[in-house]
Amino acid sequence: METASVKITACTAILLALGLGPGLANAQSNEDLAKKLSNPIASLISVPFQFNYDRGYGPDDGDKATLNIQPVIPFAISENWNVISRTILPLTWQNDIAGPSGTQFGLGDITQSFFLSPSKPTGSGIIWGAGPVFLIPTATDELLGTGKWGAGPTAVVLKQEGPWTLGMLGNHIWSFAGQSDRPNVSSTFLQPFISYTTKDAWTFSLNTESTYDWEANDWSVPINFRRQADHHRQATDQPHLRPSLLGGRAGKWPKWSGLPARPDLPVSEISPAVAKAVQRPRIQRGDHR
């Protein structure tokens, strides 16, 4: 069974340009920085805060609000190569997402990615990065996480030409350890994205955050649109606040996806469909920026 979910998305971030070598300009145009923000593996320290609100979970149309804290930190390991750390830490409040399952609030599972990336684009202008991704079971409640350790490959490829950025970010996570009574994780995440940056540093972007659960054989395919503005202090050795991103998200999610079983609740307190189904959590992947 499926239900449509209404999602409202807002985002802000603290940014700090990273000097990877002498001679890095201490002043950048708003347009240049806005284009860097469209590149998930740019040489820029950022700490985005992405807020998502969902309605329509489960038979009781439960609510869910998630704040994804998403620090992105690049490290120069040589003149020609960088390693980019990308962390997604979800902080979630939810109510009755599995029928009358009550309210939960706390941390979800952390998704940690590392990308090895050339410091300069290829001759044809391609920017790419690849490396491992890890799922860390930090959830403070069963209904907030998978209870599993996981790992797999991740990669991103994009090209920036003029005001346009076009690319794809993806990963796959398999569970390899964790609570034996919880379902295994085998999940593919694909995020194609396209954005356009204006001369006055407005960026309009469109992407999907598609997830395929190989254990449950189902897709979730939300589509996101947003616009953002970036007007910053010219001294890039100082952190600054990125203005709020305004956006929306629409799509279909499986009726029971995102909902692990809750053994501490009597079956009589959970709808029969939820009690019968194998409930599967959705890993928080976040936006690419």
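Run the numbers for Trp219 and Trp93: contour at 0.36 nm per residue of separation, minus the present Cα-Cα distance, in nm.
Going from the current span to full extension adds 43.0 nm.
To the nearest 10 Å², what's Val47's accessible area with a 1.4 Å probe?
My reading of the accessible area for Val47 is about 40 Å².
Among rounded, prolate and oblate, which fits region 63-106 when a ≥ b ≥ c are the square roots of the eigenvalues of its C-alpha gyration tensor, a/c under 1.5 means rounded, and a/b larger than b/c means prolate?
It is prolate, given that a/c is not under 1.5 and a/b is the larger ratio.
Could you order peptides 104-112, 193-201, 141-149 by the average number of other Cβ atoms within 10 Å of their residues, highest first?
Taking the mean over residues of other Cβ atoms within 10 Å, the ranking is 141-149, 104-112, 193-201.
Obtain the nm distance between the two label points defined at Gln179 and Ile77 by a simple spin-label model: each point lies 7 Å from its Cα along the Cα-to-C-beta direction.
The modelled label-to-label distance comes out at 3.5 nm.
Please sort 217-223, 171-177 by packing, taking for each peptide the average over its residues of neighbouring beta carbons within 10 angstrom, highest first.
Ranking, from highest mean packing down: 171-177, 217-223.
With r as the distance between the Cβ atoms of Trp164 and Ser85 and R0 = 30 Å, compute the FRET efficiency 1/(1 + (r/R0)^6) and round to 0.05.
That pair, Ser85 with Trp164, gives E of 0.65.
The values are calculated or read from the model by the stated rules, or taken from the named source; none is laboratory data. What you see is a predicted model; the values in this text were computed from it and never measured. Because the Cβ atoms are built from the backbone with ideal geometry, glycine has one as well, and the counts that use them run over all protein chains shown. Ligands, DNA and RNA are stripped out before the accessible areas are found, and what is left, the full protein with its side chains, is counted by its heavy atoms. Shrake-Rupley method; radii C 1.70, N 1.55, O 1.52, S 1.80 Å.
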